[in-house]
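> Encoded as structure tokens, here's the structure I'll be asking about.
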């Protein structure tokens, strides 16, 4: 399970360091093989390879072929294989960095089975204090705690 929020720096070569606490899990779970792609939010989604492959199988199994083709064009079409290097870094392709406007500071959010990587300004706009975009109390009441 990937959880938490981590403020990171993207270096001049477009690499970002995966927090150390996740590296061992990723090494065991997917031999440090990741897939970086786009999703519905203005951020990048980073998946362990087996999880990405599961989602692609789910897309292929959709009965609505128009929806399946649209998802493949975006989710699979923008996907790039990546590997965590010996220093724990992942190279973010320039086209994906540009799409998510990630340059310099970034925020990595654990999302259980994936990570979302936001530009710091986009993350602050969406989740920062005083944004007013927090879910309503009713949303939190829908989960069993």
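All of the numbers you see were taken from the coordinates with simple rules; none came from a lab. Being a predicted model, the structure only gives us computed values, none of them experimental. Because the Cβ atoms are built from the backbone with ideal geometry, glycine has one as well, and the counts that use them run over all protein chains shown.
> Hey, fewest Cβ within 10 Å first, where do 140, 78, 115, 22 land in order?
Going from sparsest to densest Cβ surroundings: 140, 78, 22, 115.
> Moving on. Got a sec? How would 97, 21 order by Cβ neighbour count within 10 Å, fewest to most?
21, 97
> Could I have the simple spin-label model distance between residue 69 and residue 141, label points 7 Å from Cα toward Cβ, reported in nm to one decimal?
Using points 7 Å along Cα→Cβ, the separation is 4.4 nm.
> How many angstrom lie between the C-alpha centres of region 29-102 and region 103-125?
Cα centres, region 29-102 to region 103-125: 15 Å.
> Go ahead and set up a Gaussian network model of the chain, Cα springs under 10 Å, then flag whichever of 54, 89, 15 fluctuates most.
54
> Hey, what number do you get for the chain at 222 nm if only DSSP H runs of n ≥ 4 count, each worth -39500 (n - 2.57), divided across all residues, to the nearest 500?
Result for the chain: -9500 deg cm²/dmol, rounded to the nearest 500.
> Let me ask you something else. Sort 72, 13 so that the residue with the fewest other Cβ atoms within 10 Å of its own Cβ comes first and the one with the most comes last.
Ordered from fewest to most neighbouring Cβ atoms within 10 Å, 72, 13 come out as 13, 72.
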